Amino acid sequence: MALDDRITLIIEGLPEDDGQVRLAAFMSQLQNLNAAMSRLDRDVNNGKAASYFRIAELSYKSPVRIVIEPQPLPKAAYVGHLVIESLGRVVEALKNGHDLTQVDADILENFRGLVRPVGKTVKNATLLFNDHRLDLTEKVGIKIDEALAIDEECEGALEGMLDQINVHLGANTLHIYPEVGARKVTCHFPSKMFDDAVTAVGRRVTISGTLNYRAGASFPCQISITSIETFPQEYELRSVTDLSDSALKQHCSRMNETVVPELRNS
C-alpha cells in the first residue's frame, strides 16, 4: 500500500467563529468528500465498491485537518492508488480548465458540495494529496456550475442495468449503465415510482423520460424517469419455459388418453 495514498482536507472556520468550524459545515464537507471518493472507487472497480475510507489523522487546531486513507474491503484487491489517480485527474481538470464533460456529473456535484460552504459557513477549504493541491474557491465552483449546466433536453429512452439506488432524504436517484453510449447515467424518479424503482434494481431495464445533456456532451448525463420496463431475468425465463414444457406434456398426455382408446375401439 502506498504511503502517499492519503487525502487531507483542511477547513478553516469563519473569523466570527474564531476560526472554529461549525458542525453542519464540517459534516457537509466530510459527506461530500466521502461520496466523491466512494464514486471514484466504484468507477475503478467496474461499478462495485472495493474500498472503505478511514480517518488516519484528525486535528482540531484551527484550521481543522482530516486525513483519510482508502482501505480494501474484505476479499477485495487494494485499488486505493487507482482511486487517488482518478481524483488527481478530476482535480487537474478543475484547476487547469480542461474539458469537464468527461467527468462524472455526480462527482462534480460532490465537489460543488465541497465548495458551497466556502465564504458562507467556512472561511476556506483545501484538498491535499500526493503532489496535488486544490483550493476550494468560488472560481472552482463557477467552473463546476458551467460544466453541470444542462444544454439540451429531449424525450427518450435508455436500456441497460439499473443499480445504486439512493432514497436518503428524498434523493430518489438510481444509476443506469447503458449498453451503448455513456458509461452510466443518473436517474431521478418521483416518489410514486418508488416500488417500481426498488424492484428494478440489479435488473436489465428500459427507462423512459426526459434526457438531459451537458454542454458539448454526446451522451445524456441525467434522465427524469416517467416509466420503467423491467426485462425478465434468466431464471424467470427458465420458469416460463418449464411451465410451457409442462403444459405441452400434459396436453400430449391428454391427447394420448383420448386418441388411443378411440383407435382401439375402431
**OP:** Could you please give the count of residues in region 78-114 that are of a type in the set (Phe, Trp, Tyr) and in a helix (DSSP H, G or I)?
**Re:** 1
Original post:
Any idea which of (1) closer than 23 Å to Val64 by Cβ; (2) part of a helix (DSSP H, G or I) is the one Ala125 doesn't satisfy?
Top reply: (2)
Subject >> Members of region 82-99 found to be loosely packed, with under 14 Cβ neighbours inside 10 Å and under 12 Å from Val140 (Cβ atoms), listed by number >> reply: Asn96, Gly97
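How many residues are in contact (Cβ under 8 Å) with a residue 24 or more places away in the chain and within 20 Å of Val115 (Cβ to Cβ) when one looks only at region 1-33?
Kept after step one, since they are in contact (Cβ under 8 Å) with a residue 24 or more places away in the chain, are these residues of region 1-33: 1-2, 4-15, 18-22, 24-26, 28-33.
Subset that is within 20 Å of Val115 (Cβ to Cβ): 7-15, 19, 21-22, 24-26, 28-33.
The number of residues fulfilling the criteria is 21.
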Original post:
Considering only region 11-52, how many residues are among the hydrophobic types (A, V, I, L, M, F, W, C), open to solvent by 40 Å² or more (accessible area, probe 1.4 Å) and outside any loop (DSSP other than H, G, I, E, B)?
Top reply: 5
Original post:
Say we look at region 113-132 and pick out the residues that are more than 13 Å from Val91 (Cβ to Cβ) and without any contact (Cβ under 8 Å) to a residue 40 or more places away in the chain; which of these is most open to solvent (accessible area, probe 1.4 Å)?
Top reply: Lys120
Original post:
Does Val64 fit the bill of being among the aliphatic types (A, V, I, L, M), open to solvent by less than 60 Å² (accessible area, probe 1.4 Å) and more than 18 Å from Ile7 (Cα to Cα)?
Top reply: no
**OP:** Quick one: in region 186-230, of everything that is of a type in the set (Phe, Trp, Tyr) and not in a loop (DSSP other than H, G, I, E, B), which residue is nearest to Arg39 (Cα to Cα)?
**Re:** Tyr213
**OP:** Quick one: count up the residues across region 133-183 that are within 30 Å of Asp18 (Cβ to Cβ), assigned to a strand (DSSP E or B) and open to solvent by less than 70 Å² (accessible area, probe 1.4 Å).
**Re:** 2
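The values are calculated or read from the model by the stated rules, or taken from the named source; none is laboratory data. As the structure is a computational prediction, the values presented were derived from the model and not from experiment. A quick note on method: Cβ atoms are made from the backbone with ideal geometry, for glycine too, and the neighbour counts reach across all protein chains shown. We work out accessible area using only protein heavy atoms, side chains counted, and drop any ligands, DNA or RNA first. Shrake-Rupley method; radii C 1.70, N 1.55, O 1.52, S 1.80 Å.
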